[in-house]
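The values are calculated or read from the model by the stated rules, or taken from the named source; none is laboratory data. Please read these numbers as outputs of a predicted model, since none were measured by experiment. In this analysis, Cβ positions are derived from the backbone assuming ideal geometry, glycine residues included, and neighbour counts consider all displayed protein chains.
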Amino acid sequence: MDYRQIVWLASYPKSGSTWTRCFLDAYLLGDVDINDIVTSLPDDLAARCAVGDGSNAAEFPIDIQMLTRPMAMLRLVREYNANKTVDIPLFVKTHNTHVLANGVELMPEALTKATVCIVRDPKDVLVSFAKHMGEQNYDTAIEHFLNKMRCLNDTGSGKVMDFISSWPAAVASFANADTHNVKVWRYEDMKANPVEVFAQILAHSGIAVDKERVTRAVDTVSRGKLAKQEAEKGFKESSKHAANQFFAGTGGWQKKLLPKQVRTIEKACASMMKRFNYERAFK
């Protein structure tokens, strides 16, 4: 049995992984339902992390929750191998940082085929994530954004916690990785050249690239068409703080952040911003 089956779709929250997941459905299936994305799975469902005694893994302490993740991924790989009928990689979305958490490998290398990592200008991530979380005070949002020990806990969602860390630490964990076959793409390049970038992502994932199909899939997942689906049916992953705005597009830090706040973000994220050619407003 080949256990190296997972292609991780990794990103800090609000960086483009949902758009990527929608593209994969559109490319592999010909269409996408934003409320039923089927060619990729999240890694944080509490039911998947169940330990078999009827308990709810989401109610465990964070260090105990982390212990359940590798076994949950192993079960997922075994289910995939037992039921595979088409040659599509096992795509798994994660917001976890690529580290050992209390000695636990959250992304088990023994189960990994490849990793697709998407990064986005941290200033736009900050603004989008703050809106998603309902945090109107950007100073507080920046404190959370730069907290290396941050966990994402969506209470009552049926999910276990994600160890997202800070933006610079999370991005560096993938950018500097020497395992897991990691390649990193910028969200901004995905927007500017979606056909080219999505084709590269397919190739890295081990999927044959048909440029005409890529072009059709890109059209299917245009922001306007996804936003129309959301307006008509809602989106189950949208925030209660920003209903029917998940696919509308957020960011625009230039009109929302004060110069002092921009300096704080850019100072903390300088190394990774330079690495990925993000222009700094303040040197």
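Can you report the number of residues in segment 114-137 which are crowded, with 20+ Cβ neighbours inside 10 Å, of a type outside the set (Ser, Thr, Tyr) and in contact (Cβ under 8 Å) with a residue 24 or more places away in the chain?
Here is the first cut: in segment 114-137, the ones crowded, with 20+ Cβ neighbours inside 10 Å are 115-130.
Next cut, of a type outside the set (Ser, Thr, Tyr) only: 116-127, 129-130.
Add one more test, that the residue is in contact (Cβ under 8 Å) with a residue 24 or more places away in the chain, and what stays is 116-127, 129.
Residues in segment 114-137 being crowded, with 20+ Cβ neighbours inside 10 Å, of a type outside the set (Ser, Thr, Tyr) and in contact (Cβ under 8 Å) with a residue 24 or more places away in the chain: 13 in total.
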For Asp31, indicate whether it is surrounded by fewer than 17 Cβ atoms within 10 Å (Cβ to Cβ), out of contact with any strand residue (DSSP E or B) (no Cβ under 8 Å at 6 or more places or on another chain), over 27 Å from Val119 (Cβ atoms) and touching a residue at least 24 places away in the same chain (Cβ under 8 Å).
-> yes
Quick one: in segment 138-149, which of the residues that are out of contact with any Phe, Trp or Tyr (no Cβ under 8 Å at 6 or more places or on another chain) and not acidic (Asp, Glu) is surrounded by the most Cβ atoms within 10 Å (Cβ to Cβ)?
-> Ile142
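So if I check each of Ser40, Ser17, which one is under 17 Å from Pro194 (Cα atoms) and surrounded by 15 or more Cβ atoms within 10 Å (Cβ to Cβ)? I'd like the intermediate steps shown before the answer.
Numbers: Ser40 fails: under 17 Å from Pro194 (Cα atoms).
So the residue among Ser40, Ser17 that is under 17 Å from Pro194 (Cα atoms) and surrounded by 15 or more Cβ atoms within 10 Å (Cβ to Cβ) is Ser17.
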Any idea which of (1) crowded, with 18+ Cβ neighbours inside 10 Å; (2) within 15 Å of Thr20 (Cβ to Cβ); (3) at pLDDT 75 or above is the one Phe235 doesn't satisfy?
-> (2)
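Provide a single number: the residues in segment 165-193 that are touching a residue at least 40 places away in the same chain (Cβ under 8 Å) and in a helix (DSSP H, G or I). Step through it out loud before you land on a result.
From segment 165-193, those touching a residue at least 40 places away in the same chain (Cβ under 8 Å) are 165-175, 177, 179-188, 190; that's our starting set.
With in a helix (DSSP H, G or I) added as a condition, the list becomes 167-175, 187-188, 190.
Total satisfying the criteria: 12.
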Taking only pairs six or more apart or across chains, which ones have beta-carbon atoms under 8 Å, a first residue in segment 260-283 that is within 16 Å of Arg120 (Cα to Cα), and a second residue that is part of a loop (DSSP other than H, G, I, E, B) and of a type in the set (Gly, Ala, Ser)?
-> Val262/Ala281; Glu266/Ala281; Ala268/Ser166
Name the single residue, out of those in segment 194-220 being in a loop (DSSP other than H, G, I, E, B) and among the β-branched types (Val, Ile, Thr), that is farthest from Asp87 (Cα to Cα).
-> Val209
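Of everything in segment 91-113, what is out of contact with any Asp or Glu (no Cβ under 6 Å at 6 or more places or on another chain), in a loop (DSSP other than H, G, I, E, B) and touching a residue at least 24 places away in the same chain (Cβ under 8 Å)? Give them in sequence order. Outline the logic, then answer.
Restricting attention to segment 91-113, the residues satisfying the condition of being out of contact with any Asp or Glu (no Cβ under 6 Å at 6 or more places or on another chain) are 91, 93, 97-101, 103-113.
Still in the running and in a loop (DSSP other than H, G, I, E, B): 97-99, 103, 106-108.
Across segment 91-113, the qualifying residues are Thr97, His98, Val99, Leu106, Met107, Pro108.
Taking the conditions exactly as written (in contact with a strand residue (DSSP E or B) (Cβ under 9 Å, 6 or more places away or on another chain) and part of a helix (DSSP H, G or I)), does Met66 satisfy them or not?
Working: in contact with a strand residue (DSSP E or B) (Cβ under 9 Å, 6 or more places away or on another chain): yes; part of a helix (DSSP H, G or I): yes.
For Met66, the condition - in contact with a strand residue (DSSP E or B) (Cβ under 9 Å, 6 or more places away or on another chain) and part of a helix (DSSP H, G or I) - is met.
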Is there a residue in segment 194-201 that is exposed (fewer than 15 other Cβ atoms within 10 Å of the Cβ), at pLDDT below 95 and either more than 19 Å from the chain's Cα centre (by Cα) or among the aliphatic types (A, V, I, L, M) (or both)?
-> no
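Please work out if Asp53 is within 30 Å of Gly224 (Cβ to Cβ) and part of a loop (DSSP other than H, G, I, E, B).
Numbers: within 30 Å of Gly224 (Cβ to Cβ): no; part of a loop (DSSP other than H, G, I, E, B): yes.
Taking the combined requirement at face value, the residue does not satisfy it.
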Give just the number: which of (1) assigned to a loop (DSSP other than H, G, I, E, B); (2) in contact (Cβ under 8 Å) with a residue 60 or more places away in the chain; (3) over 15 Å from the mean Cα position of the chain (by Cα) does Met149 not satisfy?
-> (2)
Check on Ile88, touching a helix residue (DSSP H, G or I) at 6+ places or on another chain (Cβ under 7 Å), in contact (Cβ under 8 Å) with a residue 60 or more places away in the chain, surrounded by 23 or more Cβ atoms within 10 Å (Cβ to Cβ) and aliphatic (A, V, I, L, M) = no
Which of (1) modelled with pLDDT under 95; (2) surrounded by 19 or more Cβ atoms within 10 Å (Cβ to Cβ) is the odd one out, the single condition Asn153 does not satisfy?
-> (2)
With respect to Gly251, determine if the residue is assigned to a loop (DSSP other than H, G, I, E, B), more than 16 Å from the chain's Cα centre (by Cα), among the small types (Gly, Ala, Ser) and modelled with pLDDT under 95.
-> yes
